[in-house]
Structure formats: structure tokens, C-alpha cells
1. Looking at the range 425-441, is at least one residue over 21 Å from Lys353 (Cα atoms), free of Cβ contacts under 8 Å to residues at least 40 places away in the same chain, of a type in the set (Asp, Glu) and part of a strand (DSSP E or B)?
2. In the range 289-328, which residue that is part of a loop (DSSP other than H, G, I, E, B) and of a type outside the set (Asp, Glu) is nearest to Phe708 (Cα to Cα)?
3. Please go through (1) surrounded by fewer than 18 Cβ atoms within 10 Å (Cβ to Cβ); (2) under 27 Å from Tyr381 (Cα atoms); (3) of a type in the set (S, T, N, Q) for Gln697 and return the number of the only condition it doesn't satisfy.
4. Can you pull out every residue in the range 418-457 that is crowded, with 20+ Cβ neighbours inside 10 Å, within 24 Å of the chain's Cα centre (by Cα) and of a type in the set (A, V, I, L, M, F, W, C)?
5. Report every pair of residues separated by at least 6 positions or lying on different chains whose Cβ atoms are under 7 Å apart, first residue within the range 462-473 and under 9 Å from Ile436 (Cα atoms) and touching a residue at least 24 places away in the same chain (Cβ under 8 Å), second assigned to a strand (DSSP E or B) and basic (Lys, Arg).
6. Of the residues Asp517, Asp460, only one is among the acidic types (Asp, Glu), out of contact with any helix residue (DSSP H, G or I) (no Cβ under 6 Å at 6 or more places or on another chain) and buried (at least 19 other Cβ atoms within 10 Å of the Cβ); which?
7. When you scan the range 600-622, how many residues do you find that are under 25 Å from Leu136 (Cα atoms), touching a residue at least 60 places away in the same chain (Cβ under 8 Å) and either polar (S, T, N, Q) or surrounded by fewer than 17 Cβ atoms within 10 Å (Cβ to Cβ) (or both)?
8. Would you mind finding the one in Asn229, Asn244 that is touching a helix residue (DSSP H, G or I) at 6+ places or on another chain (Cβ under 7 Å) and either closer than 30 Å to Asp283 by Cβ or assigned to a strand (DSSP E or B) (or both)?
Amino acid sequence: MKNIIVFGLILSGSISVVAQTISGQVKSLKIHNQEQKGESLPGANIFWENTTLGTVSDTNGNFTLALPEQLPHRLIISYVGYISDTLLISSPSEKIEVFLRESKDLQEVTIAERHLGAHYSSSSPILTNVLTTHELQKAACCNLSEAFETNASVDVTYSDAITGAKQIQILGLAGIYSQILTENIGTLRGLGQPFGLTFIPGPWMESIQVAKGTSSVVNGFDAITGQINVELKKPENSELFGANVYANSFGRLENSLIASKSLNYRWSSMLMSHVEYLGNQVDHNNDDFLDHPLVKKYHITNRYRYDWHGHMESQFGFRLMQEKREGGQINANNAPNPYKVDIATNRFEAQAKTGFFFQNQPEGSLGTQINYTYHEHKSLYGLRRYEATQNSLFTNIIYENIIRTKEHKVNTGVSFIYDGYKEHFDTLDLSREDRISGIFAQYTYHHHEHFTGILGLRLDNHSQHGIFFTPRLHLRSNITEHTTIRGSIGKGYRLPNLLAENTGLMISNRQFRIMEDIKPEVAWNYGTNLMQHFDILGNESSVTVEFYRTHFENQLIVDVDASPNEVRFYNLDGKSYANNYQIELKTSPIHLLDLTAALRYTDVKTTIGGTLQTKPFVNQYKGLVTVSWQTYGRRWQFDFTSQFNGNTRIPDTSHLPEEWQMPEKSPAHVILLGQITYRFGKFDFYVGGENLTNYTQKNPIIGANDPFGPNFDASMIWGPIMGRSLYAGLRYKM
């Protein structure tokens, strides 16, 4: 009797389930012998009118869909290239057949609107400069480090005169105080920082968002001065096949390939590869050191996307990279033991992002982010060896929903970070493990287009340093239809990676002295900006005025002033701040001509050796002018950029022999670059030049004639090392 009852309950439950769904098949309409026939249509959209209940048909055109709460109700069926159909469903029925008629072909119509390649997001409460593909193609942009040549907010400089490592500055501070994300997941952390800007090829990038000031607490506690998020090309909407070939006058050769494939209506995949080779030895300043290292790099990425419409979507993949750099002396008067620099990098990343959607919560979703990174770095600087490995795991779980209305939104979640480092340099062993678990909550109030406020709180527990409490507030208000004002305040923390962040200083005779236990860096960032839109000769223009201040409660001090033979590391004892003022104009004064002009003043001071002084190698002011003009039909494009770089403080060199002494400040200088692009069919051919005035820093290597002597130092870099470079390239997109 019990078995019969259980079987009856199961049967009734099954009948109930069947009664709550409707199933059918979608076909194309074809009339044959007065009968309706047709082929099945996979991926057709089927949904109930004015609801979020919907599905898509499978490979055979079949579908099953839950019934709405009340019948009758209209069922809408649509498919690209076919006329949509609407059925009135009054009661549950057996399987239905839907025939869609092909829409009539129209003559081709092209609707085009031209927009600035770089623009500020008008809706974001955080000042965010969006660099589109159009902007990235104004210069060669072979990798991320070369993506900011036409940008006034981000400076890119060399860390030394031998390795080719580049570093960025935002709001007057090094890029280590900004988050660098790939599709909102932090990847260039730890050992990836010295050369990480060259790890993302330019042709792979879809867009870049540069946000200033503190960012959202959802992405972590370590964004103090800004955030750079790189959006890579996606499997579902990228070109079927793309290629970019590049060569310059120094002998640098690069090739990037992209291939994407839609596997079916839910799955798509993408394969991207990148190869870089530089085997030409160049020594323009005749100091017997290579002006740039010899490079061999291989990089491959495989990405997948799964989209179950209305239920979940997922994106995952992996990246492999191998790079070899060789630099140093080339002739050295036949020295038996020339000074050599060898750097080998092996890197692997696996990443997955998944979003789940709730049928009973139209605005609710649950997202997961997972990233694993293995990074191996082996380097030799003369007689000094630096070897390190990093294993990192990042996980983030985010729940998002509204509170009653769309004006009130909340994000909350948990995160966990594991970083395992093994680092050895000279006699130093800085191996360590970091485990950080965190919780966060963020509330967003959005009142139409007039006002947006974001309040975020984070609480993280570090395995060694205890609790980090991170509050952040962002406000945006449209004072008028054309005037927007923003303000932000927030706290940030950062865990210094003392060796990886200062590899440039390893190329010197300086001994590394750690004076005390280094504590986490803590800083507050305050900022405000005003954006005004207006018309010039009928074309939309904008001017943005901004001010940001970063104030440190604790900071890692890298002191190269105290001793000519040492670099000292210790915690801040005194004041340290950075004030940044900037005004930027974006306009199109005449049709097909874009103009950007910006001026920035930076005041950065730090207490070094008990004295508050200007931070070295930070430009006091910078000016930028970019001009871009296209002919009708976009066949020809001409881009020109001029950078005006102010002076910087140079650390004290009075202890050196007179021939190697540097002035207290570097001279101001101008850098010019330009490019011409010609488009024909699916091809883009471009030629251009960088550092067209051939301006370089004289004698960038101190003591180059005696690299193993007491005065050798290749880290005192304030200006360009490479002279004029001419290049040419070809892009293809299908």
C-alpha cells in the first residue's frame, strides 16, 4: 500500500509538472503541395509577452517553456531573418508547431555615426575614460604598455635602461597603486608587475577603461589611485578571423592571430596567438650596452563561452606565455666577463566567470569569478641572481539584486585570495604566503539620470596583518543637462612586493637593505571633477576639470638618496601625499577631425630620510595634444600626438665622479609620434613613427665603462632611452 501511495504521488507530481509547461517546435515556413513544411530553426527565441519567462529552441527547433501564472497569455516566437509570430495560448495543450515566414530582403542600408575613440563615461559615478578599438589603433599599440601614448591620464616610463621593463603612473604615483584588471579580474599582481604591461597584446584588446581614484569595493581593497580594466575580444562577437603583422626600424617583429567560432547556439570559442621577436643589436649611444634587450615571446589564449539564455552564462579559458629577454654589454672591448642580463618568464593563467539568473527575481543574479596564476621568473643581472615563483588563486562570489525598485541596487559577496611567493635575491629570502578572506557590500542609489550614489564597505582578514576595513563613497550629479559633477572618497590597502617592484634597482651596485618589518601600505584618496558638454560649430565637445589627492597613513619608502651604494626600504615616518590637477578638452571642431588637449600639474612629496621632499622621477607637469582626421569613407586616417613632459627630481648623484653626475632636475622635453592608416576592403595598412624628434636621455647608464665597479647604476631613468622608431603594419579582419 505504501508503494502504491508513493507511486501515485510521483505520478500526480509528474502530471502536475507536465501540466505547467508547454512544448513545441519552430520551423521555417515552406508551402509544398498546399502543405506547410519547413526546416527546424535552432536558437529561436520563445517568451511570454511582458514577462521574463523565455527560452530558446534546441538544435532540432524543439522547446519546452513553463506556463505563466494566468492564462490566456500571448506567446511570442522570433528568429533573425524571419517575421515574428504571436500565439494566444488559452490552456495547456499538446506539442504545438510554429512556422515562421522569412522576411523580405531589402536593399542594403548603412547607418553610421562617428564617435571619439576615447571618451569619458557620462553615466558612471566614477570618472572613467573609455579607450575603444578606434583609439587603440591610432598608434601601433603592440601591447598594453603602448596603449596610453595618446592618453593624458596615464604615463608610461622605463624602469631601467637595459631590460625594457615599463611602468605606469596614475595621479602622480606608480602603477602599483592602481589595479590592473582583465575583464574585472586582477591578474597583473605580484611578480607580473615589472613586465606585466607587455603581457597583453594590443590586437587582443577590445577596449580599456581607465578609472581614477578609488574604485568599487567589489574588486578588492587595493585600488588606491585608479583602476585599469582591459576587455579582451569575446568569442561570441569577435571577428571570424583576424591578423596583425608589425615591424619597426629596430628589427622588432610581431604577429597576432585571432580565430573565433560559433559551435552552436549556446557555445562559442576563440583562439588567439601572439609572437614577438627582436634579434637586432642596437647601440645608438655607443656605451657598449644594448639600447633594448633581445626578445623572444610566445603567447596563446583559448577562450570559451556558454550562454543559456535567461538561466546562466559562463566564460572560461586559459593563457600560456613564455618570454626570453637578453641584454647588457655587446662589445665591451672584448672583456672576458661582459655584463649580461638574462630574464626568462613562464606564465600560465586559467580563468572562469559564471553568472546565474533567477526566474523569480528578474533583477537578481549570482556571479562567480575564479582565476589561477602560475608565474615563474628567473633572471641574472651581471653577478646578481633573482629567482621567484608565484602561485595565486583568486575567487569572488557576487550577489546582485534590487530593493523594491531599480533605483535601489545592492551588491554583496565574499572573496578569497591565496598568494604563495618564493623569492631569492642575493642573500635575501622573501618567500611568504598570503591568505586573505573578505566580505563586502555595496549599495547604489540611482535617481533617473540626475543623481547616482555608491556606498561600499569591505572587511578583509589577512593571515599575517589582521583586519583591513575599506570604506568608499562615490557621488555623481547632473547639475544641468550638460553639466556633471562627481566626487569620491575612499580608503585602500596594498601589500608591497619589495623585490618584484624594484627589479630596476637590481641593475646597479646598490645593496638592498630592509631596515624594518614592512607593513601594508594604507592611503586615502579624495577626488572631485566637473564635466561640461557644449557645441563647437554644431559638433559635441566637452571639457573636464579634476582634482585628486592621495594621502598615505603608511607607505613603503624606497630610499636611494641616503647612500650611493645602498637602497634602503622602510616604513613611512612622516608625511606623504600626491596632489593632481588636470584639465582636458575633447572636441571635433570640424567634420571628421578629432582634437584632444590636456594639461596636468602634479605635486608629489614624500618624507625620505626624515625630510619631506619631492618624489623622484615624477613629471611636475605634462601637456598633451592629439589630432585625428579621417577622409570621407574612412579610407585614410591621419593621427598625430605631441607630449610635453615637465622636469622631474633626480636623486642625489653628487657623490659620483664628475663625468657621471646628473643635474638635480631633468630637463623638460617634447615627444612626437604620428601614424597614417589606409583602409582597403578588409585590410588596414598603417605606417608611423615614435619619438620623431629623436630625443633621448644622455648617458642613461651611470658607470657604463665599469659595470662591476662601485658607480654602476642603470636605474636613473627620467626620459626616453630609444631614439626615433619607424614602423609599418598590416591588419586583416574577416
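The values are calculated or read from the model by the stated rules, or taken from the named source; none is laboratory data. Quick caveat, the model's predicted, so the values are computed rather than measured. Using ideal geometry, Cβ is built from the backbone for each residue, glycine included, and neighbour counts are taken over all protein chains shown.
1. yes
2. Taking the range 289-328 as the starting set, the residues that turn out to be part of a loop (DSSP other than H, G, I, E, B) are 290-293, 309-311.
Next, from what is left, pick out any that are of a type outside the set (Asp, Glu): 290, 292-293, 309-311.
Details: Leu290: 17, His292: 20, Pro293: 19, His309: 64, Gly310: 65, His311: 64 Å.
Step by step, filter the range 289-328, then rank; the result is Leu290.
3. Only one criterion in (1) surrounded by fewer than 18 Cβ atoms within 10 Å (Cβ to Cβ); (2) under 27 Å from Tyr381 (Cα atoms); (3) of a type in the set (S, T, N, Q) is unmet by Gln697, namely (1).
4. Ile436, Phe440, Ile454
5. Listed by first residue and then by second, the contacts come to Ser463/Arg435.
6. Numbers: Asp517 fails: buried (at least 19 other Cβ atoms within 10 Å of the Cβ).
On inspection, the qualifying residue turns out to be Asp460.
7. Qualifying residue count, the range 600-622: 1.
8. Numbers: Asn229 fails: touching a helix residue (DSSP H, G or I) at 6+ places or on another chain (Cβ under 7 Å).
Going through Asn229, Asn244 in turn, just one is touching a helix residue (DSSP H, G or I) at 6+ places or on another chain (Cβ under 7 Å) and either closer than 30 Å to Asp283 by Cβ or assigned to a strand (DSSP E or B) (or both): Asn244.
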